[in-house]
Amino acid sequence: MLTSAAVKQQALTLGFEVCGVAPATALPELQFLPDWLARGYAGDMIYLHKSAHARADIRNFLPSARSVIVAGAIYNTDQGSGIGDQGAGTVQIARYARGQDYHLVLAERLERLVAWMRGQHAGAFDAAIFVDKHHVQERVYAQHAGVGWIGKNSCVIHPALGSFMFLCGVAVSLPLEVDAPVTDQCGACTLCIDSCPTGAIVDAHVLDATKCISYLTIEIDGAIPDAQRPHLDNHAYGCDICQEVCPFNLAPVLTADPAWQAPPRDGTSAGELWQRSDGELHEFVKGSAMTHLSLSGLRRNLAIVIGNSGDAALAPVLDRPGGGIKNAAHSAHTPVVEEAVSWAKRRLGA
Ligand code: SF4
Ligand code: SF4
């Protein structure tokens, strides 16, 4: 007979650091999504509105689901805090995006977990994997699977492993033994709320995504609002500040998992990246989750990082996307990028 303990042990064997099982029910925390959406906090992430019904109960994702296996994989490597903060004009890239594209890596591991389960279980059963892009509120199920609690910064925090952790899982029709939920350990701490440069954490556990640097640098295709641009500082892709200040990440667990080791992208000069051709920029992001952002979106962010550098010597660089070689940087010639360049030049006093 396939036990919960055996499934969790196999998940660890396949490269996950933590695994738990939650009941496949409409858990109380799932009810917050409609109100959060109604407040406009999802911004342009229309897919969240469209998938709200599916997200209300995992049985809308897999009707026969009786259990939810949630797995966590630590992505934090020794390319730790501040690598991208080596001086004005170097880019910071969120830690989760520094390795291979987690969607692909984690989906493959989950498929192997399901295949192993089918080999262990005599009867047929339904299973559906979810990795971020699927219509599952994985954080809620993670809390009820004992993987961690949802912190005031909205990240799932494991008491010993911290929050630099991918979450994913499998909904199954098997009635596996469930784990106890993790209780909230944030207490009176407000470090994440106090440290957010854009005021995006509007209340404990409530993120206004439209103000969050992750949303601004990754989720929107158009112009980043003027008022928010200085707050981006040198964040070219995502932001880790509210996790870096968290006491549960003070001595973050590092992973040696080859999937998350990568050639250093974080800490590269924004001016040097700007002068690369589109082909070279494509090579820079190739294989990582950064490929989910268009090259124009990346150039928009680079222009803002350069504008925030305070280094007036970088202003002429903005006239040389692709090293100034004709047709080398088509992605720089969009209205959004050209406007960001104008903004950056003005900010640098050019
Ligand atoms: S990721 Fe950055 S901008 Fe977003 S809530 Fe956290 S600290 Fe604020
Ligand atoms: S910084 Fe403090 S309040 Fe924020 S998630 Fe961490 S423990 Fe909770």
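The values are calculated or read from the model by the stated rules, or taken from the named source; none is laboratory data. Computed from a predicted structure; not experimentally measured. Cβ coordinates were reconstructed from backbone atoms using ideal geometry, including for glycine residues, and neighbour counts include every protein chain displayed.
Look at the range 188-202 and say how many of its residues are near ligand 1 (Cβ under 10 Å from one of its atoms) and outside any helix (DSSP H, G or I).
Going through the range 188-202 one residue at a time, the tally reaches 7.
Condition test on residue 142, is it away from ligand 2 (no atom under 12 Å from the Cβ), surrounded by 23 or more Cβ atoms within 10 Å (Cβ to Cβ) and either in a strand (DSSP E or B) or touching a residue at least 12 places away in the same chain (Cβ under 8 Å) (or both)?
Spelling it out, residue 142 is indeed away from ligand 2 (no atom under 12 Å from the Cβ), surrounded by 23 or more Cβ atoms within 10 Å (Cβ to Cβ) and either in a strand (DSSP E or B) or touching a residue at least 12 places away in the same chain (Cβ under 8 Å) (or both).
Would you mind stating whether residue 26 is modelled with pLDDT of 95 or more and either in the same structural domain as residue 134 (by TED's automatic domain parsing) or out of contact with any Cys (no Cβ under 7 Å at 6 or more places or on another chain) (or both)?
no
The rows are residues; the columns are (1) within 16 Å of ligand 2 (Cβ to nearest atom); (2) modelled with pLDDT of 95 or more; (3) closer than 15 Å to residue 99 by Cα; (4) in contact with a strand residue (DSSP E or B) (Cβ under 9 Å, 6 or more places away or on another chain).
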| site | (1), (2), (3), (4) |
| --- | --- |
| 204 | yes, yes, no, no |
| 207 | yes, yes, no, yes |
| 255 | no, no, yes, yes |
| 278 | no, yes, no, no |
| 291 | no, no, yes, no |
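Identify all residues within the range 326-345 that are without any contact (Cβ under 8 Å) to a residue 12 or more places away in the chain and closer than 15 Å to residue 305 by Cα; write none if there are none.
The answer is 338, 342.
Using the structure shown, decide if residue 120 is in the same structural domain as residue 54 (by TED's automatic domain parsing) and either surrounded by fewer than 22 Cβ atoms within 10 Å (Cβ to Cβ) or more than 16 Å from ligand 2 (Cβ to nearest atom) (or both).
yes
Could you check residue 247 against (1) in contact (Cβ under 8 Å) with a residue 24 or more places away in the chain; (2) over 19 Å from residue 34 (Cα atoms); (3) within 12 Å of ligand 1 (Cβ to nearest atom); (4) not charged (D, E, K, R) and say which number it fails?
Residue 247 satisfies all of (1) in contact (Cβ under 8 Å) with a residue 24 or more places away in the chain; (2) over 19 Å from residue 34 (Cα atoms); (3) within 12 Å of ligand 1 (Cβ to nearest atom); (4) not charged (D, E, K, R) except (3).
Can you name the residue in the range 257-276 that is crowded, with 16+ Cβ neighbours inside 10 Å and free of Cβ contacts under 8 Å to residues at least 60 places away in the same chain and, of all such residues, is farthest from residue 101 (Cα to Cα)?
275
Where in the range 1-66 are there helices (runs of 4 or more DSSP H), lying wholly inside it, with at least 2 residues that are in contact (Cβ under 8 Å) with a residue 12 or more places away in the chain and in contact with a strand residue (DSSP E or B) (Cβ under 8 Å, 6 or more places away or on another chain)?
Filter on the range 1-66 gives 4-13.
Given (1) within 16 Å of ligand 1 (Cβ to nearest atom); (2) part of a loop (DSSP other than H, G, I, E, B); (3) surrounded by 15 or more Cβ atoms within 10 Å (Cβ to Cβ), where does residue 136 come up short, assuming only one miss?
For residue 136, the exception is condition (1).
Examine the range 168-181 for a residue that is in a strand (DSSP E or B), over 30 Å from residue 65 (Cα atoms), away from ligand 2 (no atom under 13 Å from the Cβ) and touching a strand residue (DSSP E or B) at 6+ places or on another chain (Cβ under 9 Å), and state whether such a residue exists.
no
Inside the range 203-217, can you point out the residues that are within 10 Å of residue 238 (Cβ to Cβ) and either more than 10 Å from ligand 1 (Cβ to nearest atom) or in a loop (DSSP other than H, G, I, E, B) (or both)?
212
Does at least one position in the range 208-221 carry a residue that is in contact with an Asp or Glu (Cβ under 9 Å, 6 or more places away or on another chain) and among the acidic types (Asp, Glu)?
yes
For the range 325-350, which positions are surrounded by fewer than 20 Cβ atoms within 10 Å (Cβ to Cβ), at pLDDT 95 or above and of a type in the set (Val, Ile, Thr)?
334, 336 - these are the residues of the range 325-350 that are surrounded by fewer than 20 Cβ atoms within 10 Å (Cβ to Cβ), at pLDDT 95 or above and of a type in the set (Val, Ile, Thr).
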